[in-house]
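Structure provided below as structure tokens; questions to follow.
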Amino acid sequence: MKKKPKRRRVNRRRSGTSVRWRPHWARLLLSSLVLLLLVIVGYSLYLGKTVRVKFDGQRWAEPARVFARPLELYVGAPVTADQLQAELEFLGYRKVRAVDAPAQWSRNGNRFALHTRAFRFWDGEAVAQSVVLETGNDGVLGLVGRDNGREVDLLRLEPALVGSIYPAHSEDRVLVRREELPESLVQALLAVEDRRFFEHAGIDLRGIARALVANIRAGGAVQGGSTLTQQLVKNFILTPERSLVRKLNEAWMALIVESRYGKDEILEAYANEIFLGQDGGRAIHGFGLAAHFYFQRPLSELRLHEVSLLVGLVKGASFYNPRRHPERALERRNLVIRQMQQQGFIDAAQADAAIARPLGVTAAGGRGLQRVPGFIDLVRRQLRRDYREQDLTSVGLRIFTTLDPWVQRQAVDALASRLERVEKARGIEAGSLQGAVVVAATQSGEVQALVGGRDAGYAGFNRALDAVRPIGSLVKPAVYLAALSRPERFTLTSRVEDRPVDMALPGGQRWQPRNYDREVHGPVMLHEALARSLNLATIDLGMSVGLDEVKATLQALGVEREILAYPSLLLGALSLSPFDATQVYQVLAAGGFRAPLQAIREVLDADQQPLQRYPLSVVQVADPRAVFLLNRNLVEVTESGTARALRGLLPGIEVAGKTGTTNDLRDSWFAGFAGDRVALAWVGRDDNASSGLTGAQGALPVWADLMRRLAARSIQLLPPSGVEYHWVDREGRLSAEHCDGVVAFPYIAGSQPRQRAACGDTRNEGGFWRGLFD
């Protein structure tokens, strides 16, 4: 009997288990893949949204640009050859042998050839012009077109860009469009940063491999592996963190950027975002700003060797800083040029010529566009005062100011050089003295210069605006104006008593002021008391006029700070900033008309439309007749009084002014006016210790140096209607011209002395002076 074959035993438990688990693992794997895909898609959407928010919105908050006043040239304009050259250099114009393009100039003696830039002013567009200009001692002698030889009635140079008012993040930019990028700049970027920019999709594996080989061969980093798009993502969107995750995000987002935006748009964003330097607390982003920061001219005017330097800074703006490390910068620049040659962008002759050029960066680095931080501080404050806050939040504002670069430069140099000389001459510790200068146009009140310290490029404590110090005898003209405004009581020849003062003060103390010379002079004429700055006589006069009247006069002259009507006010117990005090003297210089000191002419928004401002008006605040008498007295101050040193410092120039000195010689002041300018100088110490200087020893020489540098002209004081001159003897009696010791004094009509001297017939002399001066 045949045996039945044994059935093969099957392990059903094992087989069943395998059958049950295969679908489970498959489902798990599929679920994981789906989840991973969802994560990838979700993360891609997140990255895409991040890219879109940054690129589609407002990419950069462009700061407001602050411009100086434009220099206007015409036959007869009071502009010297040296001033014109300084102006052109300040504008960044290039000196050449033959002028053939905008922003170029040449000079042969007093004859200039120059080609201006086109510029859009607040009142219209100005086209570029090419002219020939000749200057002389009295200003511009001739101005004709270079092409046609026709006379040019008016040539207005574009205003210099002197600063920016930044957004909160303290980044600055001069935005440029793709079509404004020089072709040489694009070529240099492609040569050293991303050769296949127009071919890859955001990342370039071939470029990474090529850069690795090149760097190994060179023994150092000569090429980078990141594309321009990756660099843009890193700088514009991501943080500078160094990690694998950040690098993966960078590559991923670069692909997203390339898929959504065109190459030209990416290149434009890169050119405006790339970091190229540091200016104190301000980051220099973009080639547009870097051109101004390193070369003080627009990007469009840079040449091959200059463009190559900027591109070289992409690798490391601090390491290759051309001002701190010129050898490194030169080597890096030349490498960029050779790379451009190897890529066929330029030929050998162009490369050799570019390499032979020096770096060419300006020496005024560190300040960049913020050339006048003290003046910009004033602009910022007056913007808040004169314009609506909601109007100032818009981006791209263009602020046209009253700053005169030539006057500003002279003020800066006069203050710094004179303080150094004073310290050396008097054995004062070097650098311990500080100062401030304010210069304004007499009639309009336009601030032409403002210096907040001897280091004018330092944006620190602005002494011109914030050093609120006692003004000493600078207050005295207000006391005398209050008196002269009452011609029935006071004239320049009235007698005042220079006698001891002893007043009781609260708390049982006594106020016993003295004259600077410690002498008591008895009865003196009013004009002599001011000329000699006699304290005791001034107190006598001020108390006769009344403290409330003196206070009202100061307020009318523009003092807005608190004034305490105490007797000490008459000697300068009033604290003002140099800017505040300049306002007072502007009114005197303008014959009693107060024009608020202003730094802003016009503000345009991004659409070139002017912003509305709160109105500023010129107001008559003092009797012009009384002001004229006072100003004649202030001329006497500079000719024979406390400021008589000006005769030697400014020979042949008639000026009006007043010195000021405070207790313990802490503050040295001088304010005055000449020609069509009013100016004030203050000298002292930041720690409020004694400077050891009177007003005539510290501030006056600064003021004189400034006026000499500006070639100041004598003031023209013409008596207003209602003022007559009369001959007066030493006793203040009416006399005649032929008599001995007589002086012609101005009087408000009807206020001349009634007592007559024995010498001469004085009945008709008033008519003579009226006819001569009216």
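The values are calculated or read from the model by the stated rules, or taken from the named source; none is laboratory data. Values in this document were obtained by computation on a predicted structure and should not be read as measured data. Note: ideal-geometry Cβ built from the backbone for every residue, glycine included; neighbour counts use all protein chains shown. The area values use the complete protein model at the heavy-atom level, side chains included, leaving out ligands, DNA and RNA. Shrake-Rupley method; radii C 1.70, N 1.55, O 1.52, S 1.80 Å.
Tilt of helix 535-545 relative to the longest C-alpha principal axis of the chain, in degrees (0 to 90, nearest 10)?
Taking the Cα atoms of the chain, the angle to 535-545 is about 80 degrees.
In degrees between 0 and 90, to the nearest 10, how far off the longest principal axis of the chain does helix 624-640 point, with axes built from Cα atoms?
Taking Cα atoms only, the helix is inclined about 90 degrees.
What is the gain in length, in nm to one decimal, between LEU28 and VAL213 on full extension, counting 0.36 nm per residue of separation less the C-alpha to C-alpha distance?
Length gained between LEU28 and VAL213: 62.2 nm.
Quick check: pseudo-label points 7 Å beyond the Cα along Cα→Cβ at ARG514 and ARG328, how many nm apart are they?
6.3
At 7 Å along the Cα-to-beta-carbon direction for both VAL743 and LYS263, put a label point, then send me their distance in nm to one decimal.
Using points 7 Å along Cα→Cβ, the separation is 8.4 nm.
So in the chain, what percent of DSSP beta bridges are antiparallel if you round to the nearest 5?
90
Now for a different question. Express the carbon and sulfur contribution to the solvent-accessible surface of the stretch 66-160 as a percent, rounded to the nearest whole number, probe 1.4 angstrom.
The nonpolar share, carbon plus sulfur, comes to 42 percent.
Projecting each Cα onto the charge dipole of the stretch 429-545 (Lys/Arg +1, Asp/Glu -1 at the beta carbon, about the Cα centre), which of TRP511, ALA441, LEU526 comes out farthest on the positive side?
TRP511
Follow-up. Report, in debye and to the nearest 20, how large the dipole of the stretch 447-709 comes out about its Cα centre when Lys and Arg carry +1 and Asp and Glu carry -1 on their Cβ.
For the stretch 447-709, the charge dipole is close to 400 debye.
Can you list the trypsin sites (Lys or Arg not before Pro) in the stretch 480-555 that are in a DSSP coil and have 10 or fewer other beta carbons within 10 angstrom?
ARG518
A further question follows. Rounded to the nearest 500, what is the chain's calculated 222 nm mean residue ellipticity when only DSSP H runs of at least 4 contribute -39500 (n - 2.57) each, over all residues?
My calculation for the chain gives -11500 deg cm²/dmol from helical runs alone.
Only one of the values (1) 26.4, 87; (2) 36.8, 183; (3) 28.3, 103 was calculated from this structure for Rg and Dmax of the Cα atoms in Å; name its label.
(2)
Using a 10 angstrom Cβ neighbour count of at most 10 plus a DSSP loop assignment to flag exposed GluC sites (Glu not before Pro), which longest range of the chain is free of such sites?
1-240
So which aspartates and glutamates pass the test for LYS551, namely a Cα distance under 20 Å, with those fewer than 8 places away in the same chain ruled out?
ASP540, GLU560, GLU562, ASP580, ASP623
For the stretch 127-140, in order, what is each residue's ³J(HN,Hα) by Karplus, 6.51 cos²θ - 1.76 cosθ + 1.60 with θ = phi - 60°, in whole Hz (x at glycine and Pro)?
Residue by residue, the stretch 127-140 yields 7, 5, 10, 10, 9, 10, 10, 10, 10, x, 5, 9, x, 6 Hz.
Report, in degrees rounded to the nearest 10, the 0 to 90 angle that the Cα long axis of helix 578-589 makes with the longest principal axis of the chain.
Helix 578-589 sits roughly 50 degrees off the main axis of the chain.
Taking 41 Å as R0, compute the FRET efficiency from the Cβ-Cβ separation of ALA353 and ALA430 and round it to 0.05.
Using R0 = 41 Å, I get an efficiency of 0.35.
Multiply the residue separation of GLU488 and SER714 by 0.36 nm, subtract the distance between their alpha-carbon atoms, and state the gained length in nm to one decimal.
My answer for the length gained is 78.2 nm.
Would you kindly state how much longer the chain becomes between GLU151 and ARG730 on full extension, computed as 0.36 nm times their sequence separation minus their alpha carbon distance, in nm to one decimal?
202.7 nm
So for the pair VAL619, ASP82, with labels modelled 7 Å out along Cα→Cβ, what separation do we get in nm?
Each label point is offset 7 Å from its Cα along the Cβ direction, giving 4.2 nm.
Of VAL479, ASN462, LEU576, which is farthest towards the positive pole of the stretch 447-709's charge dipole, taken about the Cα centre with +1 and -1 on the beta-carbons of Lys, Arg and Asp, Glu respectively?
Comparing the listed Cα positions along the dipole, VAL479 ranks first.
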